[in-house]
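*Asks:* Before I ask anything, let me first share the structure, which is written out below as structure tokens.
The values are calculated or read from the model by the stated rules, or taken from the named source; none is laboratory data. In this text the structure is predicted, and so the values were computed from the model without any measurement. Positions of Cβ are generated from backbone atoms using ideal geometry, with glycine treated the same way; all protein chains shown enter the neighbour counts.
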Amino acid sequence: MSALDRRGTAVASTLDRPLTPLRVAVIGCGPKGLFCIQQLATLLEKGNFGRPLQVAIFEPAEFPGAGVVYDSRQPHYLRMNFAAEHIHVRKSEADGSSLLQWLRQEHPEFAAAGQFVPRAIVGEYLHDSYLTTMNRLSKHGTVDRIKEQVLDLVDTDIGWRVTTDNGRGYHGFDEVLLAVGHEGWRGTATDGRQMGSFDISHVYPTDVQLSLAMAPARSYVALRGIGLTAIDAILALTEGRGGVFRPGQKAWHYQTSGNEPARIYPYSRSGRPMLSKPMARQMSVSNLEEMWEYHSGRLAALAHLRPLGFSDEIWPLVEAAAEAALQAVGGSGAAEWFKSWLHCCPSGDELRNQISASVEVATGKKEPDAAWAMGEAWRRLYPTLVGLISHDGLTKGSWPHFRTLAAEMERIAFGPPVENCRKFLSLVDCGLVDLEFLQGNVASHESGFRELRTNCGCRIVRIDRHINAVLPSPASSNPHGPLRSLAQRGKLVPHASGCGYRIDRLGRPVTATGQTLCGVTLVGRPTEGAVLGNDTLNSELHDGPSRWASNIVEQLQRVERSTL
């Protein structure tokens, strides 16, 4: 309906003007980005919103939803260390959206609880979920996928400008979601050392980085790291080159292909291994569920006292839970075992025996021990710890001790599946993997070649290749990505933990001046520290995606109309 001005000319009323669309940029659409847009689709389906919605999804990976970590083209020997029954992109399983329900249709051979599925298959599931979510979103607005890498993000008078690797600029975004995860496959810092053909800076994608051309057959390889990424690297250099693992009654055996390195020497700062993840069906210890609920409740009751001291208020309750679990199976001394673990520098034989013992416990061949009790306590209490510690739940002085203990609990609680441990042990037993340099260092010899030395200097071997199997920390942003550019301008500042960046409870970054950065939301790995435990496919562990989606819907409910 129009009105007349004093000259009798028709003037469009406010009601006649078109509604201004809400323009949203989603930068990065691996699992965390998928969780966010899935939550948005769910909320949009619950009501009608008059304001138009325009969504641009910037994701250079071939399969959005999966991203680079869960690329469906990677080899199947690269497996999850997270059981299939815990993976689903939606909280409700009534609609058939869980991984297990999807597997029953697409890969029934993996459709059982307790399975540790190949990452490639999980990637198929995540990409299918993305396609479904895009169809749902498109019914409520305009949705575009832009297959470009984002380099920069700048606040302008007309909204946020997104610059990509092809030099294009996309303007006028009201809201930007940063869900960039690992920011592509990268190596860790080299401490100023010049990288050359001798050095392989990172492991993934394994078929490229660890090909025969990169690490030739019969070469001598030093491998920095003995965690999950290192195990993937070892499997790529063996099974990935045609070797075959054959299960035996007492141990697995490895049949060589001839394309393997002559020797693989893993090493790390601590020299301590990751222990096997328990197989749920083999680890059903009775009468523990009520105990875990009790100890979770004890932890949760501390919430009103935040910020908390980790050493004197939180950690004693974790140890108490572990001790109660160990006593329930007839043992004792969980805390004492952990103290000895912290100070151990295992020999090769000792490390092999530690992994072997964890496999026997995990498969029910050996009674649960102190290592199991500590790991199970950390696993069971972890959701409560996430809620208690995230968003400044610890005192500033608590972070160094927390980070030290959390790193150790990663080794004990969140290690590889049994199958990968058995493969690793068989490679040690046949001599392909040498554990005598667990605490070592790579150096240049005066003659120009490289060598690996034990820290004591009592053993030295010449090395043909050095593989970095340590992923960059959340504090190490891609120098060519939007996080680094925002940080350089003071829009992002490091969290007190020393890990990722500071955010408020809505995921808004807190700037160098202490203000909230409006129009930007950060989720996932770059928020580690402010939010605990981001490297997970448990969609229920964090509320960042649902908070972001709720904020978008709230803005759609605000009627804004364009000017003439």
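*Asks:* Those residues that are within 26 Å of the chain's Cα centre (by Cα) and within 16 Å of R380 (Cβ to Cβ), I need them from segment 297-316; list them, please.
*Replies:* Within segment 297-316, L299, A300, I314, W315 meet the criteria.
*Asks:* Still on this structure, please answer the following. All but one of (1) at pLDDT below 95; (2) in a helix (DSSP H, G or I); (3) surrounded by 15 or more Cβ atoms within 10 Å (Cβ to Cβ) hold for E290, so report the exception by its number.
*Replies:* All conditions pass for E290, except number (3).
*Asks:* Here's something else I'd like to know. Report, by residue number, each residue of segment 84-105 that is at pLDDT 90 or above and of a type in the set (V, I, T).
*Replies:* Of everything in segment 84-105, just one residue is at pLDDT 90 or above and of a type in the set (V, I, T), namely I87.
*Asks:* I need the full set of residues from segment 467-485 which are in contact with a strand residue (DSSP E or B) (Cβ under 6 Å, 6 or more places away or on another chain) and more than 20 Å from P205 (Cα to Cα), in order please.
*Replies:* Result: P482, S485.
*Asks:* Sticking with this structure for a sec: Whether any residue in segment 441-457 is touching a Leu at 6+ places or on another chain (Cβ under 6 Å) and at pLDDT below 95 is what I want to check. It would help to see each step written out before you state the result.
*Replies:* First pass over segment 441-457, keeping only residues touching a Leu at 6+ places or on another chain (Cβ under 6 Å): 442.
Add one more test, that the residue is at pLDDT below 95, and what stays is 442.
Yes: segment 441-457 contains one or more residues that are touching a Leu at 6+ places or on another chain (Cβ under 6 Å) and at pLDDT below 95.
*Asks:* Only one residue in E323, E360 is among the acidic types (D, E), surrounded by fewer than 17 Cβ atoms within 10 Å (Cβ to Cβ) and either in contact with a Leu (Cβ under 7 Å, 6 or more places away or on another chain) or assigned to a helix (DSSP H, G or I) (or both). Which one? Quick ask: steps written out before the conclusion?
*Replies:* Numbers: E323 fails: surrounded by fewer than 17 Cβ atoms within 10 Å (Cβ to Cβ).
None of the others qualify; the one that does is E360.
*Asks:* Here is a follow-up. Looking at (1) buried (at least 19 other Cβ atoms within 10 Å of the Cβ); (2) touching a strand residue (DSSP E or B) at 6+ places or on another chain (Cβ under 6 Å), find the lone condition where D464 falls short.
*Replies:* Every listed condition holds for D464 apart from (1).
*Asks:* Given the structure, is D312 loosely packed, with under 15 Cβ neighbours inside 10 Å, at pLDDT 95 or above and among the acidic types (D, E)?
*Replies:* Answer is yes for this residue.
*Asks:* Shifting gears a bit: Please state which one of V433, V386, V428, V418 is of a type in the set (V, I, T) and either touching a Ser or Thr at 6+ places or on another chain (Cβ under 8 Å) or at pLDDT below 95 (or both). Spell out the reasoning first.
*Replies:* Details: V433 fails: either touching a Ser or Thr at 6+ places or on another chain (Cβ under 8 Å) or at pLDDT below 95 (or both); V386 fails: either touching a Ser or Thr at 6+ places or on another chain (Cβ under 8 Å) or at pLDDT below 95 (or both); V428 fails: either touching a Ser or Thr at 6+ places or on another chain (Cβ under 8 Å) or at pLDDT below 95 (or both).
After ruling out the rest, the residue left standing is V418.
*Asks:* Being assigned to a helix (DSSP H, G or I), farther than 19 Å from V361 by Cβ and under 17 Å from the mean Cα position of the chain (by Cα) is the filter here; which residues of segment 386-433 pass it? Reasoning before the result, please.
*Replies:* Initial filter on segment 386-433 (assigned to a helix (DSSP H, G or I)): 386-389, 396-413, 418-429.
Remaining after also requiring farther than 19 Å from V361 by Cβ: 386-389, 396-407, 427, 429.
If the condition is that a residue be assigned to a helix (DSSP H, G or I), farther than 19 Å from V361 by Cβ and under 17 Å from the mean Cα position of the chain (by Cα), then V386, R403, A406, A407 are the ones that fit.
*Asks:* Something else now. Where residues in segment 517-552 are among the β-branched types (V, I, T) and at pLDDT 95 or above, which of them is nearest to A41 (Cα to Cα)? Outline the logic, then answer.
*Replies:* Start the filter on segment 517-552 by keeping residues that are among the β-branched types (V, I, T), which leaves 520-521, 523, 527, 531, 536, 552.
From what is left, the residues that are at pLDDT 95 or above are 520-521, 523, 527, 531, 552.
Values: V520: 19, T521: 18, V523: 18, T527: 24, V531: 24, I552: 11 Å.
By that ranking, first place goes to I552.
*Asks:* Next question. Could you list, ordered by first residue, the pairs with Cβ atoms under 7 Å in which the first is in segment 488-514 and more than 17 Å from G393 (Cβ to Cβ) and the second is assigned to a loop (DSSP other than H, G, I, E, B) and basic (K, R), at least 6 apart or interchain?
*Replies:* Listed pairs, sorted by first residue: V493/R502; P509/K491; P509/R502; T511/K491.
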